[in-house]
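The values are calculated or read from the model by the stated rules, or taken from the named source; none is laboratory data. Bear in mind the structure is a predicted one, so any value in this text is a computation, not a measurement. Every residue, glycine as well, gets a Cβ built from its backbone with ideal geometry; the counts of neighbours run over all protein chains shown. Calculation scope for accessible area: heavy atoms of the full protein, side chains included, ligands and nucleic acids excluded. Shrake-Rupley method; radii C 1.70, N 1.55, O 1.52, S 1.80 Å.
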Amino acid sequence: MAWPLLLLLFSSLTFSHAQLTLDYYAKTCPQFDAIVRDITQQKQMQFPTTAAATLRVFFHDCAVDGCDASILIKPTAFNKPELEYDINQSLAGDAFDLITRIKTALELACPGVVSCADILATATRNLVVQTGGPHYKVPLGRKDSLVSNVSNVEAHLTRANATVDLMIKKFQPMDIDVKDMVVLIGGGHTIGFVHCKEFANRIFPTPDPTMNPILVERLRTMCANYTNNKDMAAFLDVISPGNFDNVLFKNLMKGIGVLGSDQLLYNDTRTRPFVELYAKDSNAFATDFAVAMEKLSVYQVKIGNQGEVRKRCDAVNNAHP
């Protein structure tokens, strides 16, 4: 699981550059906030994994060519989009269903006005708040991408066994410093889940010596049949999986990180100080996560003729039949 990210500093400069505003739909679609809020709340109550799934989709979208809803485009006979990349094939359907529900309601209320990129960014923020995380501003006015290509993904996403060197290297082009990287990974994984195949090498056949033995046994039991059931998964925060909190960082200090790449954040001297900070100070974690998400949400957004407002979130408007 990988969770990528970000732009330069300070909201006012970013908003001006990207031509986004907090009240972008005030006149053209005044129902926007209420529709997104109500459907998001309902979906999360029905399916509690929706928040984790949507946050992961948002990260994977923004990492590849910016926050432009390119991750939502489905494959066709004419195009292999980002969803075809092997890591993205494990993205959960709850997130896509949520975006479809919201888009359908908004098209009925204000046809052709609200972009899928704005829906994804706003729904993600709402779900973070709904699960106990901090509120942060989401400026609006993004356009949806005109293209989505599987070949663009490899250079941007990291895998579950990534080294800290590799994570830093992949995040640098997006102006993400080490602190932002740690807080965004922690925030993404505090309510996240991962399929057993992504960490199976840490528990079978010989367990990773850095992993807590009790956790090893629990994961072995849970994932015993993972080769025959590719949907088998585990929560990344094994203590409080449904709550957006700082417990994941405390887990890493005890050797109970499920992903090897997460555990390395505590083992590496460059990232350990931030893990220790967020483990002991939940307010610092919430504050820094909110700031980082504000920056992430405007990373390489499309405006004007750089994109469009899709009629359907899973296909560009001029898609082949």
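A few points about this structure:
- If you go through region 209-227 and keep only what is surrounded by 15 or more Cβ atoms within 10 Å (Cβ to Cβ) and within 14 Å of residue 255 (Cβ to Cβ), you end up with 211, 212, 215, 216, 218, 219.
- Candidates 105, 109, 123, 92, filtered to the one that is touching a helix residue (DSSP H, G or I) at 6+ places or on another chain (Cβ under 6 Å), at pLDDT 95 or above and surrounded by fewer than 24 Cβ atoms within 10 Å (Cβ to Cβ): 105
- Taking the criterion of being acidic (Asp, Glu) and open to solvent by 40 Å² or more (accessible area, probe 1.4 Å), the residues of region 161-193 that qualify are 165, 175, 177.
- Qualifying residue in region 225-232 (condition: among the charged types (D, E, K, R) and at pLDDT 95 or above): no
- Scanning region 279-315 for residues that are of a type in the set (A, V, I, L, M), surrounded by 22 or more Cβ atoms within 10 Å (Cβ to Cβ) and in contact with a strand residue (DSSP E or B) (Cβ under 9 Å, 6 or more places away or on another chain) turns up just one, 301.
- Only residues that are without any contact (Cβ under 8 Å) to a residue 12 or more places away in the chain and either among the aliphatic types (A, V, I, L, M) or assigned by the TED database to the domain that holds residue 61 (or both) were counted across region 178-205, and they come to 0.
- Test: residue in region 194-204 that is under 18 Å from the mean Cα position of the chain (by Cα), open to solvent by less than 30 Å² (accessible area, probe 1.4 Å), within 23 Å of residue 64 (Cβ to Cβ) and among the charged types (D, E, K, R): no
- In region 223-250, the residues that are touching a residue at least 12 places away in the same chain (Cβ under 8 Å) reach residues that are of a type in the set (Asp, Glu) with C-beta atoms within less than 6 angstrom, at least six apart or across chains, in these pairs: 247/237; 248/237.
- Answer from 52, 105 - the residue that is under 28 Å from residue 170 (Cβ atoms) and either outside any helix (DSSP H, G or I) or not charged (D, E, K, R) (or both): 52
- Residue match in region 73-81 (condition: crowded, with 22+ Cβ neighbours inside 10 Å, farther than 20 Å from residue 101 by Cβ and not assigned by the TED database to the domain that holds residue 189): yes
- Of all residues in region 251-274, those that are surrounded by 20 or more Cβ atoms within 10 Å (Cβ to Cβ) and in contact (Cβ under 8 Å) with a residue 60 or more places away in the chain total 9.
- Members of region 126-158 that are open to solvent by less than 10 Å² (accessible area, probe 1.4 Å), part of a loop (DSSP other than H, G, I, E, B) and touching a strand residue (DSSP E or B) at 6+ places or on another chain (Cβ under 7 Å): 139, 141, 142, 145
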